[in-house]
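This report concerns only the one structure given below.
Please treat every number below as a calculation from the coordinates, not as lab data. All values derive from a computational prediction rather than experimental measurement. All Cβ positions, even for glycine, are placed from backbone atoms using ideal geometry, and neighbour counts span all protein chains on display.
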């Protein structure tokens, strides 16, 4: 974008000092360098659960390194990690910001038909080897995981992968339209649905959960569907059992709520994964799952044989 175009968009007003754009070199101070080493330690400790959100990293630093637990300190950490990623001191792929993935299939404009077919066949052979059927088939209840923090969705999706339990951000269900559409999807099922929900234990998170559960259930009932919502985390019991960091609710928030607040990202990624997996396992009929797994193995072998 040219300077002239920017000035035109701003009505002629000149912008002040701009933030870094793209990859830029950066030499952090000694104390910041020490903080980045601690961040690398956190990322290494939870390598199997990457990418982490910055809020998750923040809570690991608070618990393991006595990092200051204030929103101001969290803001500093965000700024440091922004600079560190742009300076390639921290891998971009290790940290997930809240955004929606979108993809469009593209093909090389210079590819021949034979090259495209060869590429397609290779992709199909790989897909056949990794084939996964709906492992919730035959279960009495369909399970879905919803999470308030969009950045945690990939971790929760991985936690439910063995059972093909999908994970979504509940932030995407904050409108009447999306709640209604979700309820219609539930009603189209020939079995009940149970939503396993993960959200912050604070006035906003609790009231959002209650409104979502009540609204979707009312719509689903209208269409003949059945849905229950289970608060998987954060619960007051987990705050005590896991000794999670808390804070008092905002004085300006007048919604009904008692006790201390706690964010879902305060739960360590491995612990949260265990919570999700245990909840799914407890609700799974193992015999029905084993039948799907056997069919899955047969399908893989048959498809691989056909695609040789």
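Quick look at the numbers
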{"quantity": "Relative contact order, percent, segment 21-94 [alpha-carbon distance under 8 Å, six or more residues apart]", "calculated": "44 percent"}
{"quantity": "C-alpha center-to-center spacing [segment 233-304, segment 154-220] in angstrom", "calculated": "13 Å"}
{"quantity": "Relative exposure of 147, 78, judged by other C-beta atoms within 10 Å (fewest first)", "calculated": "78, 147"}
{"quantity": "Footprinting exposure proxy for 116, 163 (fewest neighbouring C-beta atoms within 10 Å first)", "calculated": "116, 163"}
{"quantity": "Exposure proxy ranking, count of Cβ atoms within 10 Å, fewest first, for 152, 92", "calculated": "92, 152"}
{"quantity": "Mean separation of Cα contacts under 8 Å, 6 or more apart, over the residue count of the chain: relative contact order %", "calculated": "19 percent"}
{"quantity": "Relative contact order of segment 142-299, defined on C-alpha pairs under 8 angstrom at six or more residues apart (%)", "calculated": "24 percent"}
{"quantity": "Value at 222 nm in deg cm²/dmol, rounded to 500, when DSSP H runs of n ≥ 4 in the chain each add -39,500 (n - 2.57)", "calculated": "-15500 deg cm²/dmol"}
